[in-house]
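One structure below.
The values are calculated or read from the model by the stated rules, or taken from the named source; none is laboratory data. Note that the structure is predicted; figures quoted are calculated from it, not measured. Here the Cβ positions follow ideal geometry from the backbone for every residue, glycine too, while neighbour counts run over all protein chains shown. To get the accessible areas, we keep the full protein, side chains included, count just its heavy atoms, and leave off ligands, DNA and RNA. Shrake-Rupley method; radii C 1.70, N 1.55, O 1.52, S 1.80 Å.
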Number of protein chains: 2
Amino acid sequence: RRYDYIADGPAIYVDSFATIRRESALDRVPAEAEKVAVRMIHGSGQTDLVDDLVIHPRLVPAARAALNSGAPILCDARMVAMGITAGRLPADNPVHCFLTDERVPALARQWSTTRTAAAVSLWEPYLDGAVVAIGNAPTALFHLLETILDGGPRPAAIVGCPVGFIGAAESKDALAAFADDHGIDIPFVTVRGRRGGSAMASSAVNALAQEEE
Amino acid sequence: RRYDYIADGPAIYVDSFATIRRESALDRVPAEAEKVAVRMIHGSGQTDLVDDLVIHPRLVPAARAALNSGAPILCDARMVAMGITAGRLPADNPVHCFLTDERVPALARQWSTTRTAAAVSLWEPYLDGAVVAIGNAPTALFHLLETILDGGPRPAAIVGCPVGFIGAAESKDALAAFADDHGIDIPFVTVRGRRGGSAMASSAVNALAQEEE
């Protein structure tokens, strides 16, 4: 080799997770969710992500029970769906993203909203007891919370990590405050502020799917 | 609406890019590459990404000329390929990722390397004049640089943004120093340190594909 580097896949994971545990303030997250935080830090390359993580105390048992019983995973972006490792899913769980569904453009026009939010409306038949993974669009998260407030079906857990500069922080604040504001207590994980993204969302799902690292 | 938020897709882009331009020290990147930096910041949600960006002065003309003439885009991860907006590509450019190719597991074993690095070796017939987009694996970037040093075909431009804790920073330092160290001057963009990822890599490609925002 011309360069000196570790080229053993499993060893890279082991070393990465050890580095993360050495450098991150993981005592700030619920003990059960430590591996979720580690994977999200891993996907972002940033140990200070832990400062912005908000993890509901029942996230891990709720999401894991749902996935073990075959719950589908509903993603706002195809990159999120692509990042989910099928081999880690405990019940061959279906992974859905409706962004490219042919009904989406007309729905988005009809409701004057983004295509991503329109695609979320197509989750409806699958949403009850599902695991939601939002890694792109604040409008998707806002739309989901609104459908729940309107009496729609409730997911078992929400991975809510939209990224960006317009609405992302606000949508995640709304998720974190949802139980306090509206008395509907759905386990979730989110990242305060602008950070987020598809890698973070799929990393969280991959950690929730299996205890094993 | 139960929440107050912008739900007009194009307006969200416009406001996002304006926020980024207001808050980011974009004078640190080559003028021609300003839109590349803006899109990478957009994908990461972090204005201080600009502090770690290293952009070769000929990146934009080199990558754009290659793409305009139909060059393929070679991705280390399917999430990178998924993040590339087909409608922005100027010549219906093919986007390849060989990670799930059936030859990969055997090659990885044979060479004692990661599957991702083994998949890079399958780029060989497409690599001359291609645009490379690495958003996941340091081993993919190291392997690419090694094949070039061994006299292999040279891409027109390299988007080199692997993420993580083991080898990522080192692989990107090797890319940034490649011309100085080895006298082979290939235009590139990279992000110093641990940050990177598929969203950053595909954002860069999307900006390189078209001048229009």
Fill in the blank from the handout: If you go through B:138, B:125, the only one that is free of Cβ contacts under 8 Å to residues at least 12 places away in the same chain and either open to solvent by 40 Å² or more (accessible area, probe 1.4 Å) or under 14 Å from the mean Cα position of the chain (by Cα) (or both) is B:125
Handout entry: Residues (more than 14 Å from chain B (Cβ to nearest Cβ) and either in a loop (DSSP other than H, G, I, E, B) or of a type in the set (D, E, K, R) (or both)) located in segment A:10-34
Key = A:25, A:27, A:28, A:29, A:30, A:32, A:34
Practice task
Determine if segment A:148-168 includes at least one residue that is under 28 Å from residue B:84 (Cβ atoms) and either of a type in the set (Phe, Trp, Tyr) or open to solvent by 30 Å² or more (accessible area, probe 1.4 Å) (or both).
Solution key: yes
Exercise for the section: State yes or no: is residue A:199 touching a Gly at 6+ places or on another chain (Cβ under 6 Å), within 11 Å of chain B (Cβ to nearest Cβ), among the small types (Gly, Ala, Ser) and without any contact (Cβ under 8 Å) to a residue 40 or more places away in the chain? Expected result: no
Handout entry: Test set (1) in a helix (DSSP H, G or I); (2) within 12 Å of another protein chain (Cβ to nearest Cβ) - residue B:106 fails condition number
Key = (2)
Fill in the blank from the handout: Checked segment B:93-107 for anything surrounded by fewer than 20 Cβ atoms within 10 Å (Cβ to Cβ) and touching a Gly at 6+ places or on another chain (Cβ under 9 Å); matches are B:94
Completion exercise
Pairing a residue in segment B:17-36 that is over 15 Å from residue B:61 (Cβ atoms) with any residue that is open to solvent by less than 40 Å² (accessible area, probe 1.4 Å) and small (Gly, Ala, Ser), where Cβ atoms lie under 8 Å and the two sit 6 or more apart in sequence or on different chains, gives B:24/B:37; B:26/B:37
Completion exercise
How many residues of segment A:173-184 are open to solvent by less than 40 Å² (accessible area, probe 1.4 Å), within 29 Å of residue B:19 (Cα to Cα) and without any contact (Cβ under 8 Å) to a residue 60 or more places away in the chain? The answer is 4
Exercise for the section: Would you mind finding the one in A:121, A:171, A:203, A:198 that is more than 21 Å from residue A:55 (Cβ to Cβ) and either small (Gly, Ala, Ser) or in contact with a strand residue (DSSP E or B) (Cβ under 6 Å, 6 or more places away or on another chain) (or both)? Expected result: A:121
Exercise for the section: Select, from A:49, A:89, the only residue that is in contact (Cβ under 8 Å) with a residue 40 or more places away in the chain, more than 14 Å from chain B (Cβ to nearest Cβ) and either among the small types (Gly, Ala, Ser) or open to solvent by less than 50 Å² (accessible area, probe 1.4 Å) (or both). Expected result: A:89
Fill in the blank from the handout: Per the filter on segment B:109-136, residues assigned to a loop (DSSP other than H, G, I, E, B) and modelled with pLDDT under 95 are B:111, B:112, B:113, B:114
Completion exercise
The number of residues in segment A:167-194 that are assigned to a helix (DSSP H, G or I) and in contact with a helix residue (DSSP H, G or I) (Cβ under 8 Å, 6 or more places away or on another chain) is 9
Exercise for the section: Using the structure shown, decide if residue B:148 is over 20 Å from residue B:74 (Cβ atoms) and among the β-branched types (Val, Ile, Thr). Expected result: no
Completion exercise
Being assigned to a loop (DSSP other than H, G, I, E, B) and farther than 21 Å from residue A:42 by Cβ narrows B:151, B:164, B:87 down to just B:151
Problem - Residue within segment A:145-160 that is touching a residue at least 60 places away in the same chain (Cβ under 8 Å), under 18 Å from residue A:37 (Cα atoms) and within 14 Å of chain B (Cβ to nearest Cβ) present - result: no
Exercise for the section: Filter segment B:145-172 for residues that are charged (D, E, K, R) and over 17 Å from residue B:116 (Cβ atoms) and give the result. Expected result: B:150, B:154
Completion exercise
Within segment A:108-120, the count of residues that are surrounded by 22 or more Cβ atoms within 10 Å (Cβ to Cβ) and over 20 Å from residue A:163 (Cβ atoms) comes to 0
Practice task
Evaluate the following for residue B:69: is it buried (at least 24 other Cβ atoms within 10 Å of the Cβ) and at pLDDT 95 or above?
Solution key: no
